[in-house]
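The values are calculated or read from the model by the stated rules, or taken from the named source; none is laboratory data. Only a predicted model underlies this, so the values are computations on that prediction, with no experimental measurement involved. Ideal geometry is used to build each Cβ from the backbone, glycine not excepted, and the neighbour counts take in all protein chains shown. SASA here: full protein model, heavy atoms, side chains in, ligands and nucleic acids out. Shrake-Rupley method; radii C 1.70, N 1.55, O 1.52, S 1.80 Å.
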Amino acid sequence: MKTQELFKVEGLSVLITGGAKGLGRAFAEAMLDNGARVTLLDLDKHALDLAVSELRERSPDVDGVVVDVTDRAATMAAVDRAVDKLGRLDVVFANAGIDAGPGFLSMTGARDPEGALEAIPDSLWDKVIDTNLTSMFTTIRAAARPMKRQNSGRIILTASIAGIRPGAIVGMPYQISKAGVAHLAKQSALELARYNILVNAILPGPFLTQLTTPELQKRFEAGSPLHRVGRPEEIQGLALFLASPASSYITGTHIVIDGGALLGRAD
């Protein structure tokens, strides 16, 4: 098979949650540059309007909808509207997420009482779990209905390497939420395989996004074998792979893209 057919996403209907910035924006660029039709869902209206305006310079086939992904009814309705408009739903990037404050160690390696598990506010725990994990379930559930009717579809979840190893400088709710996302991908893949719906998780390591503070960036760079964090465009090839025929026999898989961060510091 030729490369242009192997990685073809032209004409596909794609929906991306958290699509206005960071990795979600990178996913949108990769899809639009290769002829897909894209709907972005995001809570930040200003960022969403800006993203849609800029992305339309690449392709006219992009729309944005302001949605709080923790609002289950609103998320389900937004997915339904996208399906009604485009006629089908081929690919979903469930990507929306937030950070969770400090971990139990500060950037200097000292204990940070604000990040201790007994100091984590219930409201923060609930917000992070609702945004990072429960919204993923809602998005999968909304996407499954039209995809089952089609007997086809791709669902790609943004998890994190934080979900497969413990960490000290990132807040506990983030770690746990991403661990849940990683397993949600496998559980959903098992159930939906009968309908030819493939579900996989991308596990990014340190990337330069709106969640990466300068302090975090320095810490991540120091601990990486490559001594840098990833650029959002460096995740686009993986996104294109998972959305295209190139990954037609892959489901329930975690794909790490971390510049070797899981390997540990080299020098």
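Things worth noting here:
- Given (1) over 13 Å from the mean Cα position of the chain (by Cα); (2) modelled with pLDDT of 95 or more, index of the condition GLN210 fails: (2)
- Cβ pairs under 6 Å, 6+ apart, first in region 16-42 and under 14 Å from PHE241 (Cα atoms) and without any contact (Cβ under 8 Å) to a residue 24 or more places away in the chain, second open to solvent by less than 20 Å² (accessible area, probe 1.4 Å) and among the aromatic types (Phe, Trp, Tyr): none
- Filter result (in contact with a helix residue (DSSP H, G or I) (Cβ under 9 Å, 6 or more places away or on another chain), among the aliphatic types (A, V, I, L, M) and outside any loop (DSSP other than H, G, I, E, B)) within region 168-191: VAL170, MET172, ILE176, ALA179, VAL181, ALA182, LEU184, ALA185
- Looking only at residues of region 203-214 that are touching a strand residue (DSSP E or B) at 6+ places or on another chain (Cβ under 7 Å) and in contact (Cβ under 8 Å) with a residue 60 or more places away in the chain, we find that the one that is surrounded by the most Cβ atoms within 10 Å (Cβ to Cβ) is PRO204.
- Scanning region 41-67 for residues that are open to solvent by 60 Å² or more (accessible area, probe 1.4 Å) and in a loop (DSSP other than H, G, I, E, B) turns up LEU43, ARG56, GLU57, ARG58, PRO60, ASP61.
- For the condition out of contact with any helix residue (DSSP H, G or I) (no Cβ under 6 Å at 6 or more places or on another chain) and of a type in the set (A, V, I, L, M, F, W, C), LEU240 does not qualify.
- Members of region 77-117 that are of a type in the set (S, T, N, Q) and open to solvent by 40 Å² or more (accessible area, probe 1.4 Å): THR108
- Of all the residues in region 73-117, those that are of a type outside the set (Gly, Ala, Ser) and under 25 Å from ALA162 (Cβ atoms) number 17.
- Some residue of region 171-191 being of a type in the set (A, V, I, L, M, F, W, C), more than 30 Å from GLU5 (Cβ to Cβ) and open to solvent by 50 Å² or more (accessible area, probe 1.4 Å): yes
- All positions within region 8-36 that are within 11 Å of the chain's Cα centre (by Cα) and on the phi > 0 side of the Ramachandran plot: GLY18, GLY22
- From the options ARG149, ARG154, residue that is at pLDDT 95 or above, open to solvent by 80 Å² or more (accessible area, probe 1.4 Å) and of a type outside the set (A, V, I, L, M, F, W, C): ARG149
- If you go through region 192-202 and keep only what is assigned to a helix (DSSP H, G or I), surrounded by fewer than 21 Cβ atoms within 10 Å (Cβ to Cβ) and either in contact (Cβ under 8 Å) with a residue 60 or more places away in the chain or in contact with a strand residue (DSSP E or B) (Cβ under 9 Å, 6 or more places away or on another chain) (or both), you end up with ALA193, TYR195.
- Cross-chain or 6+ apart pairs with Cβ under 6 Å, region 215-232 first and surrounded by 14 or more Cβ atoms within 10 Å (Cβ to Cβ), then in a helix (DSSP H, G or I): SER224/ALA261; PRO225/LEU263; VAL229/GLN217; VAL229/PHE220; PRO232/LEU23; PRO232/ALA26
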